[in-house]
Amino acid sequence: MDAQPAPAAPVHSLPASHPPVPVFAAALAILSWASAYPVVRLALQVLPPIPLAAVRYALAAVIALVWVGWTRPRLPRVQDLPRFVVCGAIGISLYNILFNLGEQTVSAGAASLLISFSPLIAALLAVSVMGERLSVWGWVGSLVSFCGVVLVAQGQPGGLTFGSGAADVLGAAFSAAVYNAVQKKLVAVYGALATTAYVLIIGAVLLIPWLPQAVQSLQTAPVTGWILVVQLAVFPAILGYAAWAHVVGRIGVARSSGFIYLLSPATLLLAFLITAEVPSLRMLVGGAIILAGVGLMNTLGRVRPPVVPQKTPEV
């Protein structure tokens, strides 16, 4: 859930005079999410993959509970609880289990590029499940992006074979796509911050069985291990989404979506600065192909329903 932000509010038409972009909030969101990729790689040297997810989101859930108690957002309705549980199970628990397993062998930069395939997976899910349609350009973009995914994955240990790190990261991308589709109705009713807070709490509860192992590992870990876990709990999981909600609330979903294309380049830069990870030419070319395909699908790929003109009432 670090690299796949949800809309912060229902889409509204923008006023004629666009408000200025909140640059600081946008930068905070992108850098917070981008930092998760190299920091997870470092934290995996201290904690196993699933316990790392458990302790990280246990801390994030505590912060979310404090925010819920302070702001008193609307409580979930009984009929919405199953949707919240699905979001927590898929968007937090399953996503982070697969992501952490994948990052044991997949580099931070490659993981961010593979996760960037998630919006296209979401579009294909909408076509197969919700009856939406893609234009010819949409299918071309899908094919282009998939070629980029294969190129990036083949540069990682195990390639794209079942059980490889790249396959696990793509499984996380699929989880993110499902989560984003399921949570849309919740965001429309409860808002992005409240929805994210409830989903974080539920996801953390589902990861509790691995929490004792995490605590045991941290007892013998150096102080840097604790710092890494706190950073993952605070910045990508809490501050990133709070900042993104502010951005989308100020300038709308359509204008803010372009910033997501900065996530992979920011990750590559932070991975170099934090872990001295140097991307290969194959990764850079494959990543460019993935982003080009996703951009093509997002701009020209969707078939919009025809606008039915409203009849003027007769006087």
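Its alpha carbons considered, segment 110-235 gives a radius of gyration followed by a Dmax of 18.2, 56 Å. Put simply, the Cα atoms of segment 22-85 extend 40, 35, 22 Å along their principal axes, the longest span coming first. Measuring nothing but alpha carbons in segment 32-148 and taking Rh as the Kirkwood radius, the Rg to Rh ratio lands at 1.04. Note on the chain: the alpha carbon radius of gyration divided by the globular reference 2.2 N^0.38 Å gives 1.00.
By Kyte-Doolittle mean hydropathy of at least 0.5 and Cα axial length of at least 24 Å, which whole DSSP H helices of the chain are selected? Taking the DSSP H segments of the chain (at least 24 Å long, mean hydropathy at least 0.5), we get 23-43, 49-71, 136-153, 165-190.
If you run the Gaussian network model on the chain, springs between alpha carbon atoms under 10 Å, then out of Leu273, Leu44, Leu211 the most flexible one is Leu273. Classified by the C-alpha gyration tensor, segment 183-273 has an oblate form. Its axis ratio a/c, with a ≥ b ≥ c, is 1.5 or above, and a/b does not exceed b/c.
With θ taken as phi - 60° and the coefficients 6.51, -1.76 and 1.60, list the Karplus ³J(HN,Hα) couplings across segment 77-86 in order, rounded to whole Hz; mark glycine and proline as x. Rounded to whole hertz, the list is 6, 4, 5, 8, 4, x, 5, 4, 5, 4. Under the combined filter of DSSP loop state and at most 15 neighbouring Cβ atoms within 10 Å, segment 99-176 retains these chymotrypsin sites (Phe, Trp or Tyr not before Pro): Phe162. Using the average count of surrounding beta-carbon atoms within 10 Å as a protection proxy, the listed peptides 57-70, 215-228, 22-35 rank, highest first, as 22-35, 57-70, 215-228.
Projecting the Cα atoms of Ala214, Phe272, Val248 onto the dipole axis of the chain, where Lys and Arg carry +1 and Asp and Glu carry -1 at the beta carbon, places Val248 farthest toward the positive end.
Its relative contact order, with pairs defined as Cα atoms under 8 Å and 6+ residues apart, puts the chain at 42 percent. Largest GNM mean-square fluctuation among Arg72, Arg282, Arg41, using the chain with Cα springs under 10 Å: Arg72.
Shape class for segment 119-172, computed from the alpha carbon gyration tensor (a ≥ b ≥ c): oblate, with a/c not under 1.5 and a/b at or below b/c.
We did not get these values from a lab; they are worked out from the coordinates using the rules stated. Not measured: the values here are computed from a predicted model. FYI the Cβ positions are ideal-geometry reconstructions off the backbone, even for glycines, and counts take in every protein chain you see.
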